[in-house]
Amino acid sequence: MTYSKIVGTGSYLPEKVLTNFDLEKMVETTNEWIVERTGIRNRHIAAEHEDAVTMAEEAGRAALKAAGLTPADIGMIIVASTTPSMVFPSTACLLQERFGIAGCPAFDLNASACAGFMYGFSIADQFIRTGAIKTALVIGSEVMSRVVDWKDRSTCVLFGDGAGAVVLGASKEPGVVSTHLHADGTHKDVLYLPLGNKKSPNIESVKMLGNQLFKLAVNSLGDLCDETLAANNLQKSDIDWLIPHQANMRIIQAMAKKLDLPLERVVITLDEQGNTSSASIPLALDKAVRDGQIKRGQMLIMEGFGGGLAWGSALVKY
């Protein structure tokens with residue numbers, strides 16, 4: 001039987017850093033207010049010449065290098081992004097052109113927002129398991145700074161830009177043990193990004209009902225942890241690391257408690273990167289791998305939650 005395995009990770013963060021103290025000069029807020037409610041202190045902001053494609057390329061090349069592969073080895077490209085450079089061609093196809101390759105399937109996922117990477121990761125896993133492809137490059141790349149209202153302190157303090165990438169390769173032994181995806185469109189108004197109207201079709205800015213979103217995230221992700229463990233006959237003690245979507249420190253703490261994991265075994269990048277939407281999980285994974293925290297043979301749970309509402313997890317033996 002064929003399985004998929006993480007064989008390389010990569011990431012990219014823009015050079016510019018926007019601190020909470022910078023935000024104090026832009027909107028009515030304080031560093032203390034932001035840290036207390038979110039856990040965020042800094043976030044990276046893309047330069048004018050950077051976009052979802054350029055950042056995806058940087059992260060993708062880093063992941064391929066870590067895997068010892070070249071663009072010619074890619075069997076599929078999936079890019080999760082809610083902030084593409086254009087509606088079409090897809091960011092994945094634009095990235096394919098930058099890599100100088102052609103022929104392999106390449107497409108975007110943007111319907112799942114912050115859960116987009118988990119959806120893309122699961123899809124790539126299924127393609128490899130069926131034997132349709134041998135390698136897949138899955139990337140989350142976001143320029144959230146261009147879709148927030150910088151006068152709205154409830155949202156502009158949350159988001160940052162960046163890209164994270166994972167290369168999945170075929171394996172004889174389970175790497176990706178299982179993936180679990182869910183969605184509930186009845187909560188579509190809790191978190192969304194409108195396109196405007198026919199006369200003014202430009203993207204507007206992120207809209208969010210924070211209190212409702214928090215409760216839904218905690219409940220849904222908590223149930224998802226139970227589902228992931230039960231599906232594989234595992235106990236909480238079998239999990240070595242939690243790699244959560246980096247949205248809010250209180251949500252992360254709630255998930256750590258759910259799994260009986262100390263925060264030392266939870267990968268946290270929220271304080272320095274903010275919420276990078278679909279890029280947050282692969283960014284966190286890459287940092288932990290390169291820092292030597294996550295080691296081969298350890299069991300990980302990755303989980304994401306975002307607009308749709310959509311949420312998903314993956315149990316991975318790294």
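The values are calculated or read from the model by the stated rules, or taken from the named source; none is laboratory data. For clarity, every value in this text was computed on a predicted model and none was experimentally measured. Here the Cβ is made from the backbone with ideal geometry for all residues, glycine too, and neighbour counts use every protein chain on show.
Can residue 261 be described as in contact with a His (Cβ under 9 Å, 6 or more places away or on another chain), more than 28 Å from residue 84 (Cβ to Cβ) and either modelled with pLDDT of 90 or more or outside the structural domain of residue 138 (by TED's automatic domain parsing) (or both)? The answer is no for residue 261.
Of all the numbered requirements in (1) within 30 Å of residue 30 (Cα to Cα); (2) surrounded by fewer than 16 Cβ atoms within 10 Å (Cβ to Cβ); (3) assigned by TED's automatic domain parsing to the domain that holds residue 15, residue 194 misses one, and that requirement is (3). The residues listed here are 63, 67; of these, the one that is assigned by TED's automatic domain parsing to the domain that holds residue 148 and farther than 26 Å from residue 305 by Cβ is 67.
Under the condition of being within 22 Å of the chain's Cα centre (by Cα) and part of a loop (DSSP other than H, G, I, E, B), which residue from the range 20-47 is farthest from residue 253 (Cα to Cα)? Before you say what the answer is, go through the steps one by one.
Residues of the range 20-47 within 22 Å of the chain's Cα centre (by Cα): 34-35, 37-47.
Now drop any that are not part of a loop (DSSP other than H, G, I, E, B), which leaves 39-41, 46-47.
Numbers: 39: 11, 40: 14, 41: 17, 46: 29, 47: 32 Å.
The residue in question is 47.
Residues in the range 220-229: is at least one of a type in the set (S, T, N, Q), closer than 30 Å to residue 146 by Cβ, outside the structural domain of residue 43 (by TED's automatic domain parsing) and surrounded by 16 or more Cβ atoms within 10 Å (Cβ to Cβ)?
We begin by selecting, within the range 220-229, every residue of a type in the set (S, T, N, Q); these are 220, 228.
Then keep just the ones that are closer than 30 Å to residue 146 by Cβ; that gives 220.
So of that shortlist, the ones also outside the structural domain of residue 43 (by TED's automatic domain parsing) come out as 220.
Then keep just the ones that are surrounded by 16 or more Cβ atoms within 10 Å (Cβ to Cβ); that gives 220.
Checked the range 220-229: at least one residue is of a type in the set (S, T, N, Q), closer than 30 Å to residue 146 by Cβ, outside the structural domain of residue 43 (by TED's automatic domain parsing) and surrounded by 16 or more Cβ atoms within 10 Å (Cβ to Cβ).
Looking only at residues in the range 96-134 that are assigned to a helix (DSSP H, G or I) and charged (D, E, K, R), which one is surrounded by the fewest Cβ atoms within 10 Å (Cβ to Cβ)? Please lay out each step first, then the result.
At the first step, the residues of the range 96-134 found to be assigned to a helix (DSSP H, G or I) are 96-99, 113-130.
Checking the rest, the ones that are also charged (D, E, K, R) come to 97-98, 125, 129.
Values: 97: 12, 98: 15, 125: 23, 129: 15.
The extreme case among them is 97.
How many of the residues making up the range 1-23 are surrounded by 17 or more Cβ atoms within 10 Å (Cβ to Cβ) and farther than 30 Å from residue 70 by Cβ?
Just the residues of the range 1-23 that are surrounded by 17 or more Cβ atoms within 10 Å (Cβ to Cβ), to begin with: 3-14, 18, 20, 23.
From what is left, the residues that are farther than 30 Å from residue 70 by Cβ are 18, 20, 23.
Count: 3.
Assessment of the range 76-95 against the conditions (part of a helix (DSSP H, G or I), within 16 Å of residue 276 (Cβ to Cβ) and hydrophobic (A, V, I, L, M, F, W, C)) yields no matching residue.
The residue pairs whose first member lies in the range 146-158 and is within 22 Å of residue 51 (Cβ to Cβ), whose second member is of a type in the set (Ser, Thr, Tyr) and assigned to a loop (DSSP other than H, G, I, E, B), and whose beta carbons are closer than 8 Å, counting only pairs six or more residues apart or on different chains, are 146/83; 147/82; 147/83; 147/205; 148/205; 149/205; 155/205. Residues in the range 272-296 that are surrounded by fewer than 16 Cβ atoms within 10 Å (Cβ to Cβ) and either within 17 Å of residue 60 (Cβ to Cβ) or in contact with a strand residue (DSSP E or B) (Cβ under 7 Å, 6 or more places away or on another chain) (or both): 290 only.
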